[in-house]
Amino acid sequence: MKPLIKAAVVTASDSRHLDDDVSGTVLVGLLIAAGAEVHERLIVKDDLEELIHTLHELADRDDINLILTTGGTGFAPRDVTPEATRAIIEREAPGIAEAIRRETAAATPMAMLSRGVAGIRGNTLIINFPGSPRGVTECFEIIRPVLGHAIDLLEDRTNH
Amino acid sequence: MKPLIKAAVVTASDSRHLDDDVSGTVLVGLLIAAGAEVHERLIVKDDLEELIHTLHELADRDDINLILTTGGTGFAPRDVTPEATRAIIEREAPGIAEAIRRETAAATPMAMLSRGVAGIRGNTLIINFPGSPRGVTECFEIIRPVLGHAIDLLEDRTNH
Amino acid sequence: MKPLIKAAVVTASDSRHLDDDVSGTVLVGLLIAAGAEVHERLIVKDDLEELIHTLHELADRDDINLILTTGGTGFAPRDVTPEATRAIIEREAPGIAEAIRRETAAATPMAMLSRGVAGIRGNTLIINFPGSPRGVTECFEIIRPVLGHAIDLLEDRTNH
């Protein structure tokens, strides 16, 4: 059976709206191209409490087992997506964030300023991506090979 | 003086027993070949409380300064070895877990799904390895060059 | 406008004094050569409470937006600079510590024993460097390309 990825895309931004959120749209497209279903797409302000609330609700929904965020992972004062993610995950998956930074570091040293986090709540995997369309494309490509297997393990569909 | 490594090997598994725990046996063999003494070997269920209890007791024993775990570092719902480890360490040693993931990533992107942690409690170093015999062999090879120096530092046997 | 880096250098050591603290002196020199102003330089004992107190006070000063520490990041019992740093940061910047370990690992596997942390408190970036003059030089070289941009983002001087 093909792994069933049921995704949500969350854009953290104080200024973007659905009609100009290129990174969110790119992520939805990449997910669908990878065989995932996208069940939710939201734009949330760069506000810690609002982000925690949104990620918490999405992670606990039965029809979602993957949340990809874009934006809010940098050094600006209102970049708090990693802190919101850390607040709701039960088990960290540091290897995903490390791989993203390690592989994007080949292109630019600025990759080390990405503060993205990845982790698990219940059977939902949450991964922070950077805010730019190019950034989400590069990062999705890095995690794409492991996504199906990760979700299968979370859903206890393997004996691995 | 040669560094004196006094090790314990802990296998986290719901199903394995001493007579079919290949990974645990491999780890014991690798440790002895590296000049370490192996003072304890246990199999513990993939249960957070039980793992915390076991790691806590082992770390506080005078005749143990290194605990290598195998298993329970993945994405399955009962994989909680990193959480148990994090609960008992006093000082994290993130570079060890990063090096393991980075160097095994060359062989397979699945390395990024390993959630292993490394850290220190008192004078005991605890390192999480994956569950497969091949995985423990590869990971041991990565940390072997630094193990003696790490234990020497923990035991305050250097002026470094 | 050129980014204005206002730095403090903190040496964690039980034995060093200002007149024999080569690593601290090297760091001051590297910062000035990179265009930064160095507003404070201190030597603090390898004591958790003392380090927390010092880092906390420095981070909250208006004339400091970068704190570089040297020393106390290893495995010796009194190496607690990462723990002190973690205690006062509000947002972790794991990519900086990962990059430092990854890039120095090419020279020696001992790099994996470095437990350094990087993170943000208010508009101040704190980065732990190792204790040796050679170590601080190598590590500074790794972060130098991103330092100006990081401080600009923290000070909200960009629209990135």
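Each value in this text was obtained by applying a stated rule to the coordinates, not by laboratory testing. Model, not experiment: these values are computed from the prediction. Positions of Cβ are generated from backbone atoms using ideal geometry, with glycine treated the same way; all protein chains shown enter the neighbour counts.
Miscellaneous remarks
- Mean separation of Cα contacts under 8 Å (6+ apart) over length of the range B:80-160, as relative contact order %: 30
- Where Rh is the Kirkwood radius over Cα pairs, Rg/Rh for the protein assembly as shown: 0.97
- Distances between copies at B:T108, taken between label points 7 Å from Cα along the C-beta direction, are 3.4, 3.4 nm in increasing order.
- When +1 charges are put on Lys and Arg Cβ atoms and -1 charges on Asp and Glu Cβ atoms, the dipole computed for the range B:114-160 relative to its Cα centre reaches about 180 debye.
- Note on the protein assembly as shown: with charges restricted to the Cβ of Lys and Arg (+1) and Asp and Glu (-1), its dipole about the Cα centre is near 1180 debye.
- Percent RCO, i.e. relative contact order, over the range A:46-94, from Cα pairs under 8 Å lying at least 6 residues apart: 43
- Once you reduce the range B:29-87 and the range C:1-31 to the center of their Cα atoms, the two points are 40 Å from each other.
- For B:K45, label point 7 Å along C-beta direction: distances to other copies, nm: 4.7, 4.7
- Scalar couplings 3J(HN,Hα) for the range C:152-157, obtained by applying the Karplus form with A = 6.51, B = -1.76, C = 1.60 to θ = phi - 60°, are 4, 5, 4, 7, 6, 8 Hz; x denotes Gly and Pro.
- Mean sequence separation of contacting Cα pairs (under 8 Å, at least six apart), scaled by the length of chain A, corresponds to a relative contact order of 27 percent.
- DSSP bridge pairs, the range C:38-160: antiparallel proportion in percent, nearest 5: 55
- Among the residues of A:75-82, the average count of other protein chain beta-carbon atoms within 10 Å of the residue beta-carbon is 6.
- Surface/4 estimate of mean projected area, convex hull on alpha-carbon atoms of chain B, nm²: 8.7
- Placing a pseudo-label 7 Å from each Cα along the Cα-to-Cβ vector at C:E141 and C:D62 gives an inter-label distance of 3.9 nm.
- Report note on the peptides B:102-110, B:50-58, A:6-14: ranked by the mean count of other C-beta atoms within 10 Å, highest first, their order is A:6-14, B:50-58, B:102-110.
- Applying 0.36 nm per residue to the separation of A:T158 and A:S15 and subtracting their alpha-carbon distance, the gain on full extension is 47.3 nm.
- Per-copy distances of the B:D156 label point, shortest first, in nm (7 angstrom along Cα→Cβ): 4.7, 4.7
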